[in-house]
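Written below as structure tokens is the structure these notes are about.
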Amino acid sequence: MTDIDPAEQPEHGADQPEHQPFSRVRVSFAYRLLRGTKPEVDEVDRLIEKCTTVDQLRRQLVTDAGARLHGLFQESIQLRFLKAPAPQVEVDVPGPVLERLLGRVESVWRGFGENDPFWSVLTRFKPAGAAVDRAAFYATGRKRVEFLAAALARNGVDIASLPVCFELGAGVGRLTAWLAERFERVIAADISSAHLDVAAKELSARGKTNVAFLRVATMAELEGAPPFDVFFSIISLQHSPPPVIKRVLEILLAKLNPGGVAYFQLPTLIPEQRFAADTYMPPTSPREQMETFAVPQKVLFQLFDALGLKVLEVREDNQCGPHKLSNCFLLQKPR
Ligand SMILES: C[S@@+](CC[C@H](N)C(=O)[O-])C[C@H]1O[C@@H](n2cnc3c(N)ncnc32)[C@H](O)[C@@H]1O
């Protein structure tokens, strides 16, 4: 509500230039009505100058306010990241602990794959229990692979010089279907055999014969993966505890052929998150079992360094909503 009654105000004030349809009073009234505060004189003049129709004035007032709110929201989110303390995230644990953590991820994701695989890949696109529009679902993968191609082109990497792509966390093949169009061979790897079964059926229905499927549910299975030219992974690594993410990256990135690239997404900062293997209590309710973890950039940069990988790009990609900082990395192994 506002305390100005427009009925008491003249339609055209003495202050109104002839070519303008609005009086200062009317613009002030609209401003106070929509924004809840009194405008500065300069602001009223700016609006009178800029707007010649009621629609323009309304848009100006509403859009400006929206943009300002959006800016404030972004700023408060950024502050969370900018003021975050040192992350308390354990990334190095003994081998048996790693196997135990990995085993748990396998059983959770195989369960998702057996019960509702499409929901487990895109929970918003395909709500739990709902029917899936398969064509629309698989179509969502196209742009991700276009982003990969664009990142390579932007960095002067010739995609045609990279025959074999290894996709980690291929899920039901949403992205694999598009990777298979770009690369001579794709190795679609996943921790869950249930997801891989769905992916294999889909790729075969699409007549794709250049895709091999590989389960990577133990450290030995990961170590056994063949070398490749491209490592690709989107919204997959994030579902494993930090020590698993680090070790998986360590094993797989070492398999890049000279000149090869890694393009993958990973959250790097969730300010309130702590991880210690000793005290980690995996959630028991199915909804909470889809956990998201971050690995600090410092840990990742040390790893890239140790493996002799060159960082070509790091971009914030908003894959995990505003409260988790997600990055997309592009790395290259020198020839
Ligand atoms: C949210 S889905 C995303 C699938 C696919 N990347 C996409 O975007 O369509 C996550 C997938 O990662 C797999 N996954 C989770 N942790 C993994 C790990 N440590 N190694 C390999 N795959 C993993 C899951 O089984 C699941 O298929």
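The values are calculated or read from the model by the stated rules, or taken from the named source; none is laboratory data. From a predicted model like this one, the values you see are computed outputs, not experimental measurements. Cβ: placed from backbone, ideal geometry, glycine included. Neighbour counts: every protein chain shown.
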Subject >> All positions within region 152-202 that are within 10 Å of the ligand (Cβ to nearest atom) and either among the acidic types (Asp, Glu) or at pLDDT below 95 (or both) >> reply: Glu167, Asp190
Original post:
Taking into account only those residues within region 83-130 that are out of contact with any strand residue (DSSP E or B) (no Cβ under 6 Å at 6 or more places or on another chain) and polar (S, T, N, Q), which is nearest to Pro283 (Cα to Cα)?
Top reply: Ser107
Original post:
Could you list, in sequence order, the residues of region 76-99 that are loosely packed, with under 11 Cβ neighbours inside 10 Å and in a helix (DSSP H, G or I)?
Top reply: Ser76, Leu79, Leu82, Gly95, Pro96
**OP:** Name every residue in region 31-54 that is aliphatic (A, V, I, L, M) and either loosely packed, with under 15 Cβ neighbours inside 10 Å or under 17 Å from Ala65 (Cβ atoms) (or both), in order of residue number.
**Re:** Leu33, Leu34, Val41, Val44, Leu47, Val54
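For residues that are more than 9 Å from the ligand (Cβ to nearest atom) and either touching a helix residue (DSSP H, G or I) at 6+ places or on another chain (Cβ under 9 Å) or modelled with pLDDT of 95 or more (or both), tally how many sit in region 117-132.
9
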**OP:** Identify all residues within region 106-122 that are of a type outside the set (D, E, K, R), more than 20 Å from the chain's Cα centre (by Cα) and more than 13 Å from Ala170 (Cα to Cα); write none if there are none.
**Re:** Ser107, Val108, Gly111, Phe112, Asn115
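Mind telling me which of the residues Phe231, Phe275, Phe293 ends up being within 16 Å of the ligand (Cβ to nearest atom), touching a residue at least 12 places away in the same chain (Cβ under 8 Å) and over 24 Å from Arg144 (Cβ atoms)?
Phe275
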Original post:
Out of Lys208, Lys255, which single residue is farther than 15 Å from Leu307 by Cα, in the same structural domain as Trp178 (by TED's automatic domain parsing) and more than 11 Å from the ligand (Cβ to nearest atom)?
Top reply: Lys208
Subject >> helices (runs of 4 or more DSSP H) completely within region 126-226 that count 3 or more residues being farther than 24 Å from Phe329 by Cβ and without any contact (Cβ under 8 Å) to a residue 60 or more places away in the chain >> reply: 134-139, 193-205
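I'd like the full set of residues that are among the β-branched types (Val, Ile, Thr), buried (at least 18 other Cβ atoms within 10 Å of the Cβ) and out of contact with any strand residue (DSSP E or B) (no Cβ under 7 Å at 6 or more places or on another chain), limited to region 199-244.
Hit for region 199-244 is Val244, nothing else.
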Original post:
Which residues, counting only those in region 245-296, are surrounded by fewer than 14 Cβ atoms within 10 Å (Cβ to Cβ) and assigned to a strand (DSSP E or B)?
Top reply: Pro258, Arg274
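With the structure loaded, tell me whether Val105 is in contact with a Ser or Thr (Cβ under 7 Å, 6 or more places away or on another chain) and either assigned by TED's automatic domain parsing to the domain that holds Ser236 or at pLDDT 85 or above (or both) or whether it fails that test.
Spelling it out, Val105 is indeed in contact with a Ser or Thr (Cβ under 7 Å, 6 or more places away or on another chain) and either assigned by TED's automatic domain parsing to the domain that holds Ser236 or at pLDDT 85 or above (or both).
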